[in-house]
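A short worksheet on the structure shown next.
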Amino acid sequence: MTDPSERLRELGADATFDKRFELVREAGAGGMGQVFEAVDRDSGRRLAVKVLATSGFGETQRFTAEAEILEGLTHPRIVAYVAHGVTGRGEPYLAMEWLEGETLAQRLTGTALAIADVLAIAHQLGEALVYAHAAGIVHRDLKPSNIMLVGGRTDDVRLVDFGVAKTLSRDLTHTGQMIGTPGYMAPEQALGHGRIDGRADLFALGCTLYEALAQTSPFPGEEVMHVLAKLLLHEPVAIDHVRTDTPPRLAHLIAALLAKDPESRLDDAAAVVAETAAMQRALVDGDTAALAERPILVEGAVIASREAPTVAATPAARTRARRWIPVIAAATLALGTAAVVLATRTSTTPRKGVCTAELRTGCQALCTDGDGDACYYYGEALVIGLGVSPDSEKGVALLLRGCELESGKACTKAGSRILELVDQGKQLPGVTVAEAERILTIGCERNTASSCRRLGQEHLAPNGHFAHDDHAAYRHLTSACVANDQPSCWKLYDLQQRGVGTPDERARAGAAIDAACAAGARNSACRNR
């Protein structure tokens, strides 16, 4: 790295660059570039100017992508774009608003945050993600060091560093490539899945909130592979056991964000905004009953109950853990993926015939006997390589079999997996967008809210897999909302507010939202009715 003072002189001598920016000092440096405090000669504003330090084609592409993504985002909780271009020496630069303060990571090296501060941060980050996700942007690296507390205040937060963000139309990574920071990335992100969406950011938000409360990661470890093993194989200790003054409702929200399966995870940042707003009001009002509520956040998901504290590992246990880390690392290198899920040894031999999310020794036999959920578990294991050799074709076939046997979650997962394989360019029997739509429709017709929601989302997304169709989206999301799928209700409310749909569609959606509110839903849709 060039000496900072020398770099200042080089850039200051650049007539093209110097005409606009007066560099004051180096403020930081990272893997891709240096950040300088500067003054905009046109406006007199203080700016942060990041200059690319490396010159590889891939780095230039990624740097330019970050600048263009940020240029399209204007939100009070996202660092503001000012300009980007290249210096006279051909070095790309990005100018942003100057943020005086500290990162959340820096704050967490001191005393623990108060519950009110954590809720304030969560609410603002939720607002930033609602906006970014609506614009088709997935940040992919949300973590405490990328969250600025302006002036050191928890009520003035900015999300920064979109260097690895992706859009619906542009992703400079490929399937199997790990992008993000271990300990904050979602399991599907760690596995290098090609189609990463906003749910990955919500998992990272869950990790961040957990750390903000506990001052430790939910997946701690000294080595990267140790962290990934915990991320992929183990559930964290419930936050309200680590931090006993955590309101049950906040612990419930964090658990919903940390679900390993993206289909079981809270998938709409609007729910974070609504829940944190409700908790902030309850905290101010001293409403302990509201803080103790555990509203349904994800249809069909089972939120883990409060766990006992983790017992300090014995030397033998630590030896076993260290033995598995190289196995995961070796498999990673062999398969060329970010990480793989392996079958783990347990202290006791699993009972024959067990088929659950954790133990799948009997799933194949039970599926053969006509158990739809067993087909779901075994098919999913084959698709992602959970304790078995990956076999996408057989895995999808088993998920389809589970759907035929009336397992609603198998229908949702089959349709979702088919779309992932389509995105990966896999040429397999039945792996088509039309087949995905057919199987999701079957799930929706069987009142599986997650299938209805996925159909609605795909019909709404500007670059969704299915044809854009507001009427179909209304129909499917209304069906999901009727089944008490709150994220679908909130999407319907947003459509209503934007005037989308016919009067009849809006009326049916309104009735479904009213029913959800009457059943205990708490969000802006309910407050405004």
When every residue in region 410-441 that is free of Cβ contacts under 8 Å to residues at least 24 places away in the same chain and in a loop (DSSP other than H, G, I, E, B) is compared, the one least open to solvent (accessible area, probe 1.4 Å) is Gly425
Scanning region 128-139 residue by residue, those open to solvent by 30 Å² or more (accessible area, probe 1.4 Å) and not aromatic (Phe, Trp, Tyr) turn out to be Val130, His133, Ala134, Ala135
Quick check: anything in region 268-281 of a type outside the set (S, T, N, Q), in contact with an Asp or Glu (Cβ under 9 Å, 6 or more places away or on another chain), over 21 Å from Ala112 (Cα atoms) and assigned to a loop (DSSP other than H, G, I, E, B)?
-> no
Contact list, first residue from region 448-461 and under 13 Å from Gly415 (Cα atoms), second anywhere and open to solvent by 10 Å² or more (accessible area, probe 1.4 Å) and acidic (Asp, Glu), beta-carbon distance below 7 Å, six or more apart or interchain, is Ser450/Glu263; Ser450/Glu299
Subset of region 231-242, residues charged (D, E, K, R) and either open to solvent by less than 40 Å² (accessible area, probe 1.4 Å) or at pLDDT 95 or above (or both), comes to Asp240
Checklist entry - Would you call Ala122 open to solvent by less than 20 Å² (accessible area, probe 1.4 Å), touching a helix residue (DSSP H, G or I) at 6+ places or on another chain (Cβ under 7 Å) and either modelled with pLDDT under 90 or in a helix (DSSP H, G or I) (or both)? => result yes
TODO: Please indicate, with yes or no, whether at least one residue in region 391-398 is touching a residue at least 60 places away in the same chain (Cβ under 8 Å), assigned to a helix (DSSP H, G or I) and crowded, with 24+ Cβ neighbours inside 10 Å.
DONE: no
Across region 142-180, the tally of residues that are of a type in the set (Gly, Ala, Ser) and either within 13 Å of the chain's Cα centre (by Cα) or modelled with pLDDT of 90 or more (or both) stands at 5
Within region 140-161, the residues that are open to solvent by 30 Å² or more (accessible area, probe 1.4 Å) and more than 21 Å from Thr276 (Cα to Cα) are Ser145, Gly151, Asp161
Cβ pairs under 8 Å, 6+ apart or interchain, first in region 499-513 and farther than 16 Å from Asp469 by Cβ, second of a type in the set (A, V, I, L, M) and open to solvent by 50 Å² or more (accessible area, probe 1.4 Å), ordered by first then second residue, are Ala512/Val482
Here the qualifying pairs (Cβ atoms under 6 Å; residues six or more apart or on different chains; first in region 94-107 and open to solvent by 40 Å² or more (accessible area, probe 1.4 Å); second assigned to a loop (DSSP other than H, G, I, E, B)) come out as Gly101/Gly151; Gly101/Gly152; Glu102/Gly152
In region 215-260, anything assigned to a loop (DSSP other than H, G, I, E, B), in contact (Cβ under 8 Å) with a residue 60 or more places away in the chain and not polar (S, T, N, Q) is listed as Glu223, Glu235, Val237, Ala238, Arg243, Asp245, Pro247, Lys260
(1) surrounded by fewer than 19 Cβ atoms within 10 Å (Cβ to Cβ); (2) at pLDDT below 90 all hold for Ser450 apart from (1)
Only one of Gly183, Gly194 is modelled with pLDDT under 80 and assigned to a loop (DSSP other than H, G, I, E, B), namely Gly194
Taking first residues from region 270-288 that are open to solvent by less than 10 Å² (accessible area, probe 1.4 Å) and second residues anywhere that are among the basic types (Lys, Arg), the pairs with Cβ under 6 Å that are 6 or more apart or on different chains are Ala278/Arg522; Met279/Arg249
Residues of region 52-79 being buried (at least 17 other Cβ atoms within 10 Å of the Cβ), within 17 Å of Asn146 (Cβ to Cβ) and at pLDDT 80 or above, in sequence order, are Phe63, Ala65, Glu66, Ala67, Ile69, Leu70, Leu73, Arg77, Ile78, Val79
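With the structure loaded, tell me whether Tyr131 is part of a strand (DSSP E or B), hydroxyl-bearing (Ser, Thr, Tyr) and either more than 15 Å from Asp156 (Cα to Cα) or touching a His at 6+ places or on another chain (Cβ under 9 Å) (or both) or whether it fails that test.
no
The values are calculated or read from the model by the stated rules, or taken from the named source; none is laboratory data. Because the structure is a prediction, the values reported are computed rather than measured. We place every Cβ from the backbone using ideal geometry, glycine too, and count neighbours over all the protein chains shown. The protein model used for the area step is the full one, side chains on, heavy atoms only, and it has no ligands, DNA or RNA in it. Shrake-Rupley method; radii C 1.70, N 1.55, O 1.52, S 1.80 Å.
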